[in-house]
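Student: Once you've had a glance at the structure underneath, I'll fire off some questions.
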């Protein structure tokens with residue numbers, strides 16, 4: 001059987017195609033049942049996110065084409081279009097790909113941690129739906145162990161590479177204790193929502209979200225126990241804010257120099273950290289000229305992100321080395337398992353031949369045949385049955401010049417002589433007549 005990883009991702013397919021190939025939670029159970037029901041498939045798991053859809057299967061030689069055709073039918077998508085953007089990996093390459101996905105080396109954002117959680121969810125879903133057998137079960141467990149090692153030893157996820165996280169990271173350079181800081185966030189889009197979550201996780205407990213509509217601001221602030229205000233209420237909130245981060249789609253600045261200067265007077269010149277993520281700007285550039293204001297723009301954040309990406313790339317190189325070691329150890333364990341299975345099958349074959357010969361001998365004894373002749377026949381018959389298939393295999397290997405098989409045959413079929421037979425002194429060795 002073959003391990004197969006087949007899928008599409010952000011590098012190989014457009015958003016439109018990724019959306020068509022993605023599995024919704026409602027589809028997943030039916031999809032796994034259908035996939036597992038294909039005659040070529042013995043185990044299956046499905047990973048589906050906004051950036052990738054991947055199928056991990058244990059299959060026979062014809063399984064890759066069968067899986068591709070099934071995926072095409074399930075999503076009513078042209079198989080030619082799917083083939084153009086799909087990739088596939090087999091055996092060791094499939095295991096390596098899964099491990100790279102797990103640690104974020106194949107992600108849009110290098111080293112992002114969310115994919116590992118999504119992969120664990122996919123594993124649990126496949127397990128609950130009985131899609132996993134011994135092969136995929138062991139592979140996923142091994143992958144999770146490698147991912148943990150990479151996260152622990154390389155620090156691949158320590159340096160922030162998102163705009164939201166970089167903004168919070170820069171704020172930490174000014175505020176030693178976030179629990180005492182008050183934050184004003186302007187806007188209520190995805191970026192501000194991420195900023196709010198990062199600030200909350202960093203220890204900020206007083207969050208105010210300002211937006212054009214209070215309802216939208218409440219959707220962001222309520223999750224974190226914050227306060228929602230509208231844009232006209234910003235001047236009063238600005239007087240209390242130690243951290244101001246803005247990201248709106250406004251065509252004109254929301255914070256002017258005069259508004260900030262007025263707030264600073266009432267703050268008695270306590271410093272304010274400001275980040276303007278918006279393009280065009282939400283905060284007038286002249287605000288940065290004011291004393292006690294630390295103003296950063298999206299360009300400043302991108303410099304931080306580029307620097308952190310360099311750190312992550314170093315960690316990624318270390319991660320690749322750990323993954324190669326992980327693939328090697330998985331392959332080694334698989335070889336040991338395969339050897340054990342071969343031994344079990346071979347012993348079972350021998351026991352079956354033994355039982356057949358024994359039963360036939362007992363029947364002859366029951367008919368009153370000479371016991372000595374029965375035993376002689378049993379020994380001859382059993383030896384012939386045990387040697388027939390290996391003998392035929394050696395003849396075939398010799399005629400087809402399969403030298404590797406012929407070289408291995410003596411080690412597998414002939415008894416190894418004890419070491420002492422090679423080193424024991426000859427019995428008739430002459431005595432040493434050298435004078436003492």
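The values are calculated or read from the model by the stated rules, or taken from the named source; none is laboratory data. Because the structure is predicted, anything quoted here is derived from the model rather than measured. Here Cβ is always computed from backbone atoms with ideal geometry, including for glycine, and neighbour counts include all displayed protein chains.
Student: Quick check on my filter: what residues within segment 190-211 are exposed (fewer than 15 other Cβ atoms within 10 Å of the Cβ) and in contact (Cβ under 8 Å) with a residue 24 or more places away in the chain?
Tutor: Passing the criteria: only 203.
Student: Might you check whether a residue that is free of Cβ contacts under 8 Å to residues at least 24 places away in the same chain and touching a helix residue (DSSP H, G or I) at 6+ places or on another chain (Cβ under 8 Å) occurs anywhere in segment 82-90?
Tutor: yes
Student: Residue 132 passes all but one of (1) touching a helix residue (DSSP H, G or I) at 6+ places or on another chain (Cβ under 9 Å); (2) under 24 Å from residue 16 (Cβ atoms); which number fails?
Tutor: Unmet condition: (2).
Student: Here's another thing I want to ask about it. Determine the pairs where a residue that is in the same structural domain as residue 69 (by TED's automatic domain parsing), located within segment 13-37, has a partner that is exposed (fewer than 15 other Cβ atoms within 10 Å of the Cβ) with Cβ atoms under 7 Å apart, the partner being 6 or more residues away or on another chain.
Tutor: 20/77; 21/77
Residue-wise test of (1) assigned by TED's automatic domain parsing to the domain that holds residue 172; (2) over 32 Å from the mean Cα position of the chain (by Cα); (3) within 22 Å of residue 172 (Cα to Cα); (4) assigned to a helix (DSSP H, G or I).
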residue: 278; (1), (2), (3), (4): yes, yes, yes, no
residue: 281; (1), (2), (3), (4): yes, yes, no, no
residue: 288; (1), (2), (3), (4): yes, yes, yes, yes
residue: 294; (1), (2), (3), (4): yes, yes, yes, no
residue: 301; (1), (2), (3), (4): yes, no, yes, yes
residue: 314; (1), (2), (3), (4): no, no, no, yes
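Student: I need the full set of residues from segment 83-129 which are in a loop (DSSP other than H, G, I, E, B) and surrounded by 14 or more Cβ atoms within 10 Å (Cβ to Cβ), in order please.
Tutor: Those that are in a loop (DSSP other than H, G, I, E, B) and surrounded by 14 or more Cβ atoms within 10 Å (Cβ to Cβ): 86, 103, 104, 105, 106, 107, 109, 110, 111, 112, 113, 129.
Student: Here's a follow-up. If a residue has to be in contact with a strand residue (DSSP E or B) (Cβ under 8 Å, 6 or more places away or on another chain) and surrounded by 14 or more Cβ atoms within 10 Å (Cβ to Cβ) to count, how many in segment 57-81 make the cut?
Tutor: 10
Student: Collect the residues in segment 232-274 that are without any contact (Cβ under 8 Å) to a residue 24 or more places away in the chain and outside any loop (DSSP other than H, G, I, E, B), keeping them in residue-number order.
Tutor: Passing the criteria: 232, 233, 236, 258, 265.
Student: Next question. Looking at segment 390-401 only, could you name the residues that are loosely packed, with under 11 Cβ neighbours inside 10 Å and assigned to a helix (DSSP H, G or I)?
Tutor: Residues satisfying the conditions are 392, 395, 399.
Student: Report the residue count in segment 130-156 for those that are crowded, with 19+ Cβ neighbours inside 10 Å and in contact (Cβ under 8 Å) with a residue 60 or more places away in the chain.
Tutor: Total meeting the criteria: 11.
Student: Right, something else. Within segment 39-82, count every residue that is more than 20 Å from residue 13 (Cβ to Cβ) and part of a loop (DSSP other than H, G, I, E, B).
Tutor: Total meeting the criteria: 5.
Student: From the list 377, 337, exactly one residue is assigned to a helix (DSSP H, G or I), touching a helix residue (DSSP H, G or I) at 6+ places or on another chain (Cβ under 9 Å), at pLDDT below 90 and surrounded by 15 or more Cβ atoms within 10 Å (Cβ to Cβ). Which is it?
Tutor: Testing whether each residue is assigned to a helix (DSSP H, G or I), touching a helix residue (DSSP H, G or I) at 6+ places or on another chain (Cβ under 9 Å), at pLDDT below 90 and surrounded by 15 or more Cβ atoms within 10 Å (Cβ to Cβ) leaves just 377.
Student: Let me ask something additional. Answer with yes or no whether residue 114 is assigned by TED's automatic domain parsing to the domain that holds residue 20 and at pLDDT 90 or above.
Tutor: Judged against the criteria, residue 114 is not a match.
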